[in-house]
Amino acid sequence: MAETKTGGRSAPKKPQHIYADLDGNILGFARKWCEGADKRWLDLLTHTLGDYKIEDERKTCTYFDPNLPIGNALLKADERNPLCLQCTMNTMGCENPYMPPRGPEDPLITIVTEGVSSREDRAGELAVDGPANIVYELLQKAADQTGVDPDKDVRWLSTTRCAPRSGKQQNLATRGNWCRYFAVQDLMLHPPKLIMPVGSVALGLLSHKSNAQDWGGKLLTWRGWPDDWLTEPKFMLPRVDPLTGERSRVGHPIFGPQPPTTARLPMFPVQNPRIVLAMRNHDLTNRWKKHVIDGVMLAKQNIQALDYHRPWYRVSTDPKEIFDTLQELINCPGTVVAFDTETTGLKPWLGDRIVFMMFRWEDKQGNPRSIGFPWDYPESEIIEHLNDLWPQVLKAMKASVIAGHNLTFDMQFVAANGKLADREIEALVDAGKYDTWHMSYTHRQQRGSQGLEVLA
C-alpha cells in the first residue's frame, strides 16, 4: 500500500473507494446521485453491502443495483452504522443496544412503539415493560375474546432501538428520524395484516400524521418507506443517475422506487397508554382499550388498506379542456361545487400564490365530475394561459354554490391573486355557502385538528 507523509511521519494512504452496479459497471456519478439527498445514504449502502478490494488496484468497491439499492440485504445496527452514528443513543448507557424485534416472522399485527424502556433494556426483550407491556397485558386478557395471542400473532417493534439510560431525557421523535429505517425495513420484510403505532411519536415516524389523540382508533394507510416519497422533493424529483449522469433517477436512495399500491398496509394508531392512564378518567381508559381491541379485530377480519383512487378525478394541463369543463359549471348555475386550492404559503397579501385548483361536483345525472389543474408557479404547464383562464375560473365560481374546508382561506387567495375589485369579492363571498371547517368547529366546540380525515 502506498504511503504519504503526514507531519513528518509515514501514514498509509487510504484506498480509493468506488461504486459499481451488479454487472461491474462503474457508477461514476454515484456521489452526485446522493447530492440531491444525503451522502449518508451512500455511506449506509457501503456499510450494509460491504466494500471489496479490487485486485491489482489500490481501490475498494461497493456493488449495488441503482434500481433497488439495498436489494435483499439487512440494515445492520452497530457503532459504525451511519444511522447509529447520527442517532447516538447506543452510547447512552444501554445494556442491550439495537433491540431486535420480538414475535413471529409472519405476524397478524405489528405493534410499533416509540422507544425501549430501562426494564426492556435489562431484559433484552420488548413488551416486558412500558407502553408495549400495557398493550401486551391487555391482549393477553382479551385473548379468549379476540383469539389473538400476543406472543404467537403479534410482532413488536420500536422506532428507536436503544434505551437512553444516561439520565437525560431524549427527544425520541428526533432520534427516531434515523433509527426508524430499521423498523421500516422490518415492516417491508414481514408485512402484517395491520400496523398499530402506539403514541404520537411512533405514528409520526411512520407517516405524516403526528397526533395519536386525533387519529387514535381511526383506520389509516401506511404507504411505505415511510411516506417520505409523498412530500420529499429530494426523493421524488429527478436526481443524477449514478451510471449515466443524466438527471433521471427518482426514488429512495436505499429502498428504491415509489412503493406500489399493493405494498400499502392498513394502519390503526392508538394513543400512548401512559398518557391515557395518567388522565385517571374511566371513560378515556375504556375508550383506549376498545380502540386496541377494535384494531385487533380489524386485523382478524383481514381488513384491506384504504383505496384512495377515484377514477373520476381529472387533472388536466390542457387549457382548452380546463376552459370547456369550467363552462359546464357556468351553464348549470346553482351546482354545488367542492373547491380547494394548494398554495405556496399562508399569506396572499405578502405574495403567496395559488399553485393548484380543484373543482368537484355531480352533474345533472348524478355522476361525479371534477377538474383540477396547476396554476401560478414557474414550471406550471399552463403558466402562459392564466390571463385567459382567470375570468373563466371566476365565472364558474360565481355561478356555483361553493363548499370547501376552511373555504375562507381559499377565497382570500382567489381574491388576492386575482386582484378582485370590491363587487367581485362580494359576488365571490355570496357564492361561498358552506365552510365545513367552521361548521365542524361550531358543532364540536373543541380544540384540536379539524382536518377532513379526522372528521371522517
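Across the range 283-312, the qualifying residues are those that are in a helix (DSSP H, G or I) and aliphatic (A, V, I, L, M), and the one among them that is nearest to residue 193 (Cα to Cα) is 299. Scanning the range 175-208 for residues that are aromatic (Phe, Trp, Tyr) and either in contact with a strand residue (DSSP E or B) (Cβ under 7 Å, 6 or more places away or on another chain) or in a strand (DSSP E or B) (or both) turns up nothing.
Pairing residues of the range 77-91 that are assigned to a helix (DSSP H, G or I) with residues that are surrounded by fewer than 20 Cβ atoms within 10 Å (Cβ to Cβ) and among the acidic types (Asp, Glu), at Cβ distances under 6 Å and at least 6 apart in sequence or on separate chains, gives 82/43.
Per-residue answers, yes or no, for (1) surrounded by 15 or more Cβ atoms within 10 Å (Cβ to Cβ); (2) modelled with pLDDT of 90 or more:
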| position | (1), (2) |
| --- | --- |
| 198 | yes, yes |
| 227 | yes, no |
| 261 | no, no |
| 270 | yes, yes |
| 275 | yes, yes |
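Checking each residue in the range 377-389 for being touching a residue at least 12 places away in the same chain (Cβ under 8 Å), within 29 Å of the chain's Cα centre (by Cα) and surrounded by fewer than 16 Cβ atoms within 10 Å (Cβ to Cβ) picks out 377, 381. When each of 194, 205 is tested for being over 13 Å from residue 259 (Cα atoms), at pLDDT 90 or above and under 15 Å from the mean Cα position of the chain (by Cα), the lone residue that passes is 205.
Every test in (1) surrounded by 16 or more Cβ atoms within 10 Å (Cβ to Cβ); (2) free of Cβ contacts under 8 Å to residues at least 60 places away in the same chain; (3) within 15 Å of residue 354 (Cβ to Cβ); (4) not β-branched (Val, Ile, Thr) is passed by residue 392 save one, and that test is (2). When the criteria are applied in full, residue 412 meets the requirement of being in contact (Cβ under 8 Å) with a residue 40 or more places away in the chain and over 24 Å from residue 316 (Cβ atoms).
For the range 151-164, the count of residues that are over 23 Å from residue 273 (Cα atoms) and modelled with pLDDT under 95 is zero.
Taking (1) within 20 Å of residue 181 (Cα to Cα); (2) in contact with a helix residue (DSSP H, G or I) (Cβ under 7 Å, 6 or more places away or on another chain); (3) surrounded by 14 or more Cβ atoms within 10 Å (Cβ to Cβ) in turn, residue 19 satisfies each apart from (1).
Note on the range 305-331: residues that are exposed (fewer than 14 other Cβ atoms within 10 Å of the Cβ), more than 30 Å from residue 383 (Cβ to Cβ) and touching a strand residue (DSSP E or B) at 6+ places or on another chain (Cβ under 7 Å) total 1.
Taking the criterion of being part of a loop (DSSP other than H, G, I, E, B), buried (at least 24 other Cβ atoms within 10 Å of the Cβ) and on the phi > 0 side of the Ramachandran plot, the only residue of the range 116-130 that qualifies is 127.
So, in the range 39-76, exactly how many residues are of a type in the set (A, V, I, L, M), part of a loop (DSSP other than H, G, I, E, B) and either under 17 Å from residue 28 (Cα atoms) or out of contact with any helix residue (DSSP H, G or I) (no Cβ under 9 Å at 6 or more places or on another chain) (or both)? Counting residues in the range 39-76 that are of a type in the set (A, V, I, L, M), part of a loop (DSSP other than H, G, I, E, B) and either under 17 Å from residue 28 (Cα atoms) or out of contact with any helix residue (DSSP H, G or I) (no Cβ under 9 Å at 6 or more places or on another chain) (or both) gives 1.
Okay, residues lined up against (1) of a type outside the set (Lys, Arg); (2) touching an Asp or Glu at 6+ places or on another chain (Cβ under 9 Å):
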position	(1), (2)
315	yes, no
349	yes, no
360	no, yes
365	yes, no
374	yes, yes
378	yes, no
382	yes, yes
385	yes, no
391	yes, no
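For first residues located in the range 121-144 and β-branched (Val, Ile, Thr), partners that are surrounded by 17 or more Cβ atoms within 10 Å (Cβ to Cβ) and lie 6+ apart or on another chain with Cβ distances below 7 Å form the pairs 128/120; 134/273; 135/111; 135/198; 135/273; 135/292. Residues in the range 145-174 that are part of a helix (DSSP H, G or I), surrounded by 13 or more Cβ atoms within 10 Å (Cβ to Cβ) and either in contact (Cβ under 8 Å) with a residue 60 or more places away in the chain or among the charged types (D, E, K, R) (or both): 146 only. Considering the range 402-427, the residues that are among the β-branched types (Val, Ile, Thr) and either over 20 Å from residue 330 (Cβ atoms) or in contact with a Leu (Cβ under 7 Å, 6 or more places away or on another chain) (or both) include one that is surrounded by the most Cβ atoms within 10 Å (Cβ to Cβ), namely 414. With respect to the conditions (1) at pLDDT below 95; (2) closer than 20 Å to residue 427 by Cα; (3) of a type outside the set (Asp, Glu); (4) exposed (fewer than 12 other Cβ atoms within 10 Å of the Cβ), residue 334 falls short on a single one, namely (1). Out of curiosity, is residue 244 surrounded by fewer than 22 Cβ atoms within 10 Å (Cβ to Cβ) and at pLDDT 90 or above? For residue 244, the condition - surrounded by fewer than 22 Cβ atoms within 10 Å (Cβ to Cβ) and at pLDDT 90 or above - is met.
The values are calculated or read from the model by the stated rules, or taken from the named source; none is laboratory data. This one's a predicted model, so the numbers in the text were calculated from it and none came from an experiment. Note: ideal-geometry Cβ built from the backbone for every residue, glycine included; neighbour counts use all protein chains shown.
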